[in-house]
Every structure is written in C-alpha cells, then in structure tokens.
Amino acid sequence: MHMEKAFELGRLIGQGDEFKALKRAQESIEGASELKLKFGRMEELAGKLQDVASQGGEPPKDDIDEYDRLFSEAQADPRYQQLAAAQANFDKLMLRVQERIAEGMRKGAESQIITLS
C-alpha cells in the first residue's frame, strides 16, 4: 500500500507544473551546444583546481580566471537562468512535500488507531 501511494505521489509530481518547467529547462540546456561546452570546461577546471587544492598547492591564476569567466558567461545565459529558477521552484515543492510527509508521520505516530486505507 505504501509503495502504491508513493508511486501515485510521484506520478502527480511528474504531471505538475514545477516538474514540467524543470524538464523544459533541462531540454533547453541539452540543445545548447555552446553552453554545454562551457559546462564541460568548467567541470574540467573545477576538477583540476580541486586536485591542486587538495594537494596543498596553489591553483594557477589563469585557471581560476578562466573558470570565473566561464561561470559568469553561463550565469548570464537566459537558458541557465531558466534552469536555475525551475530547479529552485522544484526544490521548494519537494521540500514542502517532505514537510507534509513528516507531518503525516508525526500524526500517525501519535494516533492510536490503525487505518488500512
């Protein structure tokens, strides 16, 4: 029964505006090859910078500058802004869902009556 209700909740969330907006924004990013290249290079640089820092070294200033430039360019892209906003809205929804589940669990733990539906 719990898994059926969880499946139904997932189905409803998947049909909701927040999830649909997130999927559209993700698809928009997938179709943006130049933006994907920036993200790929940023990921490469982030790994390199992290490796150097974890070994106690000083990351090259050129790499830091390049990462900062790419990050600024990505943030200025309307597709990235749309993705960030859609992700934030979806995260807020999921937080509210988690809060309601926790509330239901608290109420269920307080109740002396066992229900089967």
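Note the angle between two axes, namely the Cα long axis of helix 2-14 and the longest principal axis of the Cα atoms of the chain, as a number of degrees from 0 to 90, rounded to the nearest 10.
The helix 2-14 is inclined about 50 degrees to the chain.
Which one, Leu35, Met3, Phe71, is farthest towards the positive end of the dipole of the chain when Lys and Arg carry +1 and Asp and Glu -1 on their Cβ?
After comparing all options, I get Met3.
Could I have the simple spin-label model distance between Lys5 and Arg100, label points 7 Å from Cα toward Cβ, reported in nm to one decimal?
In this crude label model, Lys5 to Arg100 measures out at 1.2 nm.
If you plug each phi of the stretch 16-32 into the Karplus form 6.51 cos²θ - 1.76 cosθ + 1.60 with θ = phi - 60°, what whole-Hz ³J(HN,Hα) values come out, in order, with x for Gly and Pro?
x, 4, 5, 5, 4, 5, 5, 5, 4, 5, 5, 5, 5, 5, 4, x, 9
Enumerate the residues in the stretch 6-40 having an amide nitrogen under 17 Å from the point lying 7 Å beyond the Cα of Ala88 toward its Cβ.
Only 18-19, 21-23, 25-26 fall inside the zone, counting backbone N under 17 Å.
Using only the alpha-carbon atoms, how far is helix 61-76 inclined from the longest principal axis of the chain? Give it as 0 to 90 degrees, nearest 10.
50 degrees
So, in the chain, how many Lys pairs have Cα atoms under 29 Å apart, if the pair is 8 or more places apart or on different chains?
Qualifying lysine pairs in the chain: 18.
How large is the charge dipole for the chain, taken about the Cα centre, if only the Cβ atoms of Lys, Arg (+1) and Asp, Glu (-1) carry charge, to the nearest 20 debye?
The dipole of the chain has a size of about 700 debye.
Say R0 is 35 Å: what FRET efficiency, to the nearest 0.05, do Ile13 and Arg41 get from their beta-carbon distance? Write down the numbers at each step before the final one.
Numbers: r = 33 Å, r/R0 = 0.96.
With R0 = 35 Å, the Cβ-Cβ based efficiency is 0.55.
Which angle from 0 to 90°, rounded to the nearest 10, does the C-alpha axis of helix 78-110 make with the longest principal axis of the chain?
Its long axis makes an angle of about 30 degrees.
Since every read-out is calculated from the coordinates, none of them should be taken as a lab result. All of these numbers come straight from a predicted model, not from anything done at the bench. Heads up, the Cβs are rebuilt from the backbone with ideal geometry, glycines too, and the neighbour counts pull from every protein chain shown.
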